[in-house]
Amino acid sequence: MNKLNTENYLQYASISIANNSNKLNYFGISSASSFLKRFIDVFLSLVILIFSAPLMLFIAIAKKLTSSDPIIFSQKRVGKDGKLFRLYKFRTLYANTNPYAVTPNKSDDPRIAPLGKFLRNTGLDELPQFVNVLKGEMSIVGPRPEMEFIAKDYSLFERTRLFVKPGITGLWQIHADRKKPIHENIDHDLHYIENYSIFLDFAIIVETALFMLRKIIKS
């Protein structure tokens, strides 16, 4: 990973926040690239939602048969420019679980509901987030959306991750450090923003698909 230019990031964050403007193009994400990224987001999301509809229906039925809890879990997250939105996932923990507690890191965690282990291991619990992408709240690739109580304490340096839409997948998600909390791996997000390109998005999407396929086969 390239060494991050912390001084420039801080300078850019300070100017943008002080002027209430995020239109500066420090990161080199042109209007054309933004349009293409949005087009790819919408196209792939529609394709994935259409072809995975039978699978999602099966998951919904299976969850309803194994638990009386709501099928979908939603939670407020922080998006681009600090705007709040509701993120959707298939529920993997029991409904009485504190939604802001530390994420389970053991398969035998008593908070994990039936089917929860399989959904979490394979990443299938995140399929509903493609609805968030269609709504324009998320991108397929980008920094993971953080919870509000953590984001409100961001430093100027950390707030630079809010200059782009959060993503379903990204460098952090396919990296070995993904077992650590999101806010402890901000370097991955800033590296992605600094080096953004459609080709990088494509590489991350392919790696994510292969990662999920390996997980599904092992499950």
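The values are calculated or read from the model by the stated rules, or taken from the named source; none is laboratory data. All values reported here derive from a predicted model rather than from experimental measurement. Every residue, glycine among them, receives a Cβ derived from its backbone with ideal geometry; neighbour counts consider all protein chains shown.
Here are some notes:
- Residue within the range 163-179 that is in a helix (DSSP H, G or I) and modelled with pLDDT of 80 or more present: yes
- Taken over the range 50-65, the residue count meeting the criterion of being of a type in the set (D, E, K, R) and without any contact (Cβ under 8 Å) to a residue 24 or more places away in the chain is 1.
- Note on the range 47-103: among residues that are surrounded by 11 or more Cβ atoms within 10 Å (Cβ to Cβ), part of a loop (DSSP other than H, G, I, E, B) and of a type in the set (S, T, N, Q), the one that is modelled with the highest pLDDT is SER52.
- Note on the range 200-219: residues that are without any contact (Cβ under 8 Å) to a residue 60 or more places away in the chain and of a type in the set (Phe, Trp, Tyr) amount to 1.
- Output for the range 150-169, where each listed residue is in contact (Cβ under 8 Å) with a residue 40 or more places away in the chain, basic (Lys, Arg) and within 24 Å of GLU207 (Cα to Cα): LYS165
- Test: PRO114 is surrounded by fewer than 18 Cβ atoms within 10 Å (Cβ to Cβ), touching a residue at least 12 places away in the same chain (Cβ under 8 Å) and not in a helix (DSSP H, G or I): yes
- When residues in the range 66-84 are screened for being out of contact with any helix residue (DSSP H, G or I) (no Cβ under 6 Å at 6 or more places or on another chain) and free of Cβ contacts under 8 Å to residues at least 60 places away in the same chain, 9 of them pass.
- Criterion violated by LEU134 - all others in (1) surrounded by 17 or more Cβ atoms within 10 Å (Cβ to Cβ); (2) in contact with a Ser or Thr (Cβ under 7 Å, 6 or more places away or on another chain); (3) not β-branched (Val, Ile, Thr) satisfied: (1)
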